[in-house]
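Participant: Have a look at this one before I ask anything.
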Amino acid sequence: MTEHIRSAHVGTSQTTARTGGYGVLNDGDIQKLISIVGKERVSWREADLMAHSADESWADPALADVVVWPLSTEEIAHILRYANEEGIPVVPWSGGSSLEGNPIPVRGGILLALYRMNKIVEIREADLQVVVQPGVICDDLNAALRHLGLFFPPSPGSSDVATIGGMVANNASGMRAFKYGVTRHYVLKLKVVLPDGTVATVGSNAKKSTSGYNLVGLFTGSEGTLGVISEITLRVVGLPEKIAAAVIPFDTLPEATSAVYECARYGLEASALELLDSPVVRVTNAQQGLSFLEKPTVFVEFHGTEAYVEDQIEYLREIARDNGCLDFQLSTDYETRQKLWRARQVAHDSMKLSHPGCTMIAGDACVPISKFGDVVQFAHNLSEETGITIYVFGHAGDGNLHTEVIGYREDEEQFARAVEASDAIISYALQVGGTVAGEHGVGLMKRHFMPQEHGESLEVMRAIKDLFDPKGIMNPGKVLPG
């Protein structure tokens, strides 16, 4: 480990004394960064440092020593080359909407804000491909593709603020993963700046390849710990002819999860298959002025031809009836469909608004589909046993369970129990063959589970990290424990 990282409180010049960060940088470092990108794109103002000190997780904020806004791959390469030589930590930041502390600069250093690199470089309509910079927002990309009859399927709940760079870094998925898969399935080629400033292009424009190691897959989901992604080539698909949405409440949670299992087990080809438990529906009704039946509810969406969608709807009706559904609301027109989906789309915000001043401890376990109902029931039982509020929802079709455990930081005993409850759900998910992170990544908050999940293969990950980043400058303190 180099001196800049070991000694977090060096550099007490007038410039860095104002940062409030770890004091990693000195005046010379600041001047070097200014020489690379210009004074107007380097800031150590407290307001800028604070704006990049926390994401949407419950992790404590941490200040970088400086925020830098690069606009090109070349600028990123110059910054990383210098940072590597001097042993200065570098943390990439795309949108800041992550839920596991992924971009928080816990060891100070340079906060590399990539969201001004927000150009759609090229749309290759004939090849069903698009080339983008990392700061492009997901919804903006789809707005640009829509007039060509194309779209990028991954749809995280924060798609109005989630950047493509952040989605690639965390291998995000979202509500359409049941049919379309996750971000990794759409990344064809990446331009990556390695920690020593080397610019590497990995992947190709071909739809498939067996040439060499899968470096695209390695960088996708690496959370900024191996390098900085500066350009992304994505595969896109055609917009469906018809879209239909169904909302199906059930009297009990086991009935709802049984219906989800049967949809997955018996080949229902929905584009999205989501579950909200009754407390989530209740707070969503209260916060959004909606009037859904406050019962465990399954949300389903279909994409395809008119005949295909109609056939799938009838199949879904049969499964829903067999599992004792209380209602079956269906819509194929855009406005009504959006209204039906609103409860799912704003679930996170509704829970947050219902508990002002509280801390939302997010869970993101993913389990085999046969175990999904067991984990949902475990979370509900835990809530009843402990008296701690635990909301349960998620991408049920692919076994991705989201939980929100409500904690009160001013009550140390209650908050400790809330954290323990969240950890207990994750531990149970691991026991039944799951993973600690279905789409949010590991970041800061799930590192302590990595040995339990990965065992000896964790040392292989450490070796990969050491190979790419021997000085440990890239997003230090994330993913790997210790």
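Participant: For ILE319, which of the numbered conditions (1) more than 23 Å from GLN377 (Cβ to Cβ); (2) touching a residue at least 24 places away in the same chain (Cβ under 8 Å) fails to hold?
Facilitator: (1)
Participant: Is it the case that some residue within region 360-382 is farther than 15 Å from ASN400 by Cβ and within 23 Å of the chain's Cα centre (by Cα)?
Facilitator: yes
Participant: Hey, another quick one. If SER209 satisfies every condition in (1) over 25 Å from CYS366 (Cβ atoms); (2) of a type outside the set (A, V, I, L, M, F, W, C); (3) surrounded by 22 or more Cβ atoms within 10 Å (Cβ to Cβ) but one, which is the exception?
Facilitator: Only one criterion in (1) over 25 Å from CYS366 (Cβ atoms); (2) of a type outside the set (A, V, I, L, M, F, W, C); (3) surrounded by 22 or more Cβ atoms within 10 Å (Cβ to Cβ) is unmet by SER209, namely (3).
Participant: Looking at region 86-139 only, could you name the residues that are in a helix (DSSP H, G or I) and either farther than 30 Å from HIS448 by Cα or in contact with a Leu (Cβ under 7 Å, 6 or more places away or on another chain) (or both)? I'd like the intermediate steps shown before the answer.
Facilitator: Taking region 86-139 and keeping what is in a helix (DSSP H, G or I), we get 86, 125-127, 138-139.
Once the filter is applied, which keeps residues that are in a helix (DSSP H, G or I) and either farther than 30 Å from HIS448 by Cα or in contact with a Leu (Cβ under 7 Å, 6 or more places away or on another chain) (or both), region 86-139 yields GLU125, ALA126, ASP127, CYS138, ASP139.
Participant: If you don't mind, another one. Which residue, of VAL247, VAL202, VAL236, is in contact (Cβ under 8 Å) with a residue 12 or more places away in the chain and more than 21 Å from VAL182 (Cβ to Cβ)? Lay out the reasoning, then the answer.
Facilitator: On the way: VAL202 fails: more than 21 Å from VAL182 (Cβ to Cβ); VAL236 fails: more than 21 Å from VAL182 (Cβ to Cβ).
After applying the criteria, what remains is VAL247.
Participant: Tell me, please, whether a residue that is among the aromatic types (Phe, Trp, Tyr) and under 13 Å from PHE468 (Cβ atoms) can be found in region 173-190.
Facilitator: Checked region 173-190: no residue is among the aromatic types (Phe, Trp, Tyr) and under 13 Å from PHE468 (Cβ atoms).
Participant: Just the residues that are open to solvent by 30 Å² or more (accessible area, probe 1.4 Å), part of a helix (DSSP H, G or I) and within 25 Å of ALA246 (Cα to Cα), please, taken from region 160-192.
Facilitator: PHE178, LYS179, TYR180
Participant: List the number of the failed condition for MET175; all other conditions in (1) within 30 Å of GLY267 (Cα to Cα); (2) touching a Leu at 6+ places or on another chain (Cβ under 8 Å); (3) hydrophobic (A, V, I, L, M, F, W, C) hold.
Facilitator: (2)
Participant: If GLN452 meets every condition in (1) assigned to a helix (DSSP H, G or I); (2) in contact (Cβ under 8 Å) with a residue 24 or more places away in the chain; (3) more than 25 Å from GLY373 (Cα to Cα) apart from one, which number is that one?
Facilitator: Going through (1) assigned to a helix (DSSP H, G or I); (2) in contact (Cβ under 8 Å) with a residue 24 or more places away in the chain; (3) more than 25 Å from GLY373 (Cα to Cα) one by one, GLN452 breaks only (3).
Participant: Sort out which residues of region 13-53 are open to solvent by 40 Å² or more (accessible area, probe 1.4 Å), more than 20 Å from TYR82 (Cα to Cα) and either in a loop (DSSP other than H, G, I, E, B) or at pLDDT below 95 (or both), and write them in order of number.
Facilitator: As a first pass, look at region 13-53 and keep what is open to solvent by 40 Å² or more (accessible area, probe 1.4 Å): 14, 17-18, 20, 22, 26-28, 31-32, 35, 39-40, 44-47, 50-51.
From what's left, more than 20 Å from TYR82 (Cα to Cα): 14, 17-18, 20, 45-47, 50-51.
Listed by number, the residues that qualify are GLN14, ALA17, ARG18, GLY20, ARG45.
Yes/no matrix, rows are residues, columns are (1) within 25 Å of PRO156 (Cβ to Cβ); (2) out of contact with any helix residue (DSSP H, G or I) (no Cβ under 6 Å at 6 or more places or on another chain):
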site: THR252; (1), (2): no, yes
site: GLU255; (1), (2): no, yes
site: ASP277; (1), (2): yes, yes
site: VAL281; (1), (2): yes, yes
site: GLU306; (1), (2): no, yes
site: ILE313; (1), (2): no, yes
site: CYS325; (1), (2): no, yes
site: SER331; (1), (2): yes, no
site: ARG342; (1), (2): yes, yes
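Participant: Same structure, new question: Within the set of pairs 6+ apart or on separate chains, which have a first residue in region 90-115 that is in contact (Cβ under 8 Å) with a residue 12 or more places away in the chain and among the basic types (Lys, Arg), a second that is assigned to a loop (DSSP other than H, G, I, E, B) and surrounded by 24 or more Cβ atoms within 10 Å (Cβ to Cβ), and C-beta atoms under 7 Å apart?
Facilitator: If the second residue must be assigned to a loop (DSSP other than H, G, I, E, B) and surrounded by 24 or more Cβ atoms within 10 Å (Cβ to Cβ), the pairs left are ARG107/TYR22; ARG107/PRO89.
Participant: A further question on this structure: All but one of (1) at pLDDT below 95; (2) closer than 30 Å to VAL298 by Cα hold for SER94, so report the exception by its number.
Facilitator: (2)
Participant: Also, quick follow-up: Given the conditions (1) under 29 Å from LYS207 (Cα atoms); (2) surrounded by fewer than 24 Cβ atoms within 10 Å (Cβ to Cβ); (3) of a type outside the set (Val, Ile, Thr), which single one is not true for GLU318?
Facilitator: Result: GLU318 fails condition (1) only.
Participant: Cβ-Cβ under 9 Å, sequence separation 6+ or interchain: first residue in region 340-352 and acidic (Asp, Glu), partner modelled with pLDDT of 85 or more and open to solvent by 20 Å² or more (accessible area, probe 1.4 Å). Which pairs?
Facilitator: ASP349/GLN287; ASP349/GLN288
Participant: Right, next: Give, as residue ranges, the strands (runs of 3 or more DSSP E) completely inside region 193-271 that count at least 2 residues that are among the charged types (D, E, K, R) and either within 18 Å of MET474 (Cα to Cα) or at pLDDT 95 or above (or both).
Facilitator: 228-235
Participant: Out of all the residues in region 403-421, which are of a type in the set (Ser, Thr, Tyr) and farther than 16 Å from ASP60 by Cα?
Facilitator: So in region 403-421, the residues of a type in the set (Ser, Thr, Tyr) come out as 403, 408.
Passing the criteria: only THR403.
The values are calculated or read from the model by the stated rules, or taken from the named source; none is laboratory data. What you see is a predicted model, and the numbers here were worked out from it, not measured in a lab. Here Cβ is always computed from backbone atoms with ideal geometry, including for glycine, and neighbour counts include all displayed protein chains. Just the protein is used for accessible areas: all its heavy atoms, side chains included, with ligands, DNA and RNA removed. Shrake-Rupley method; radii C 1.70, N 1.55, O 1.52, S 1.80 Å.
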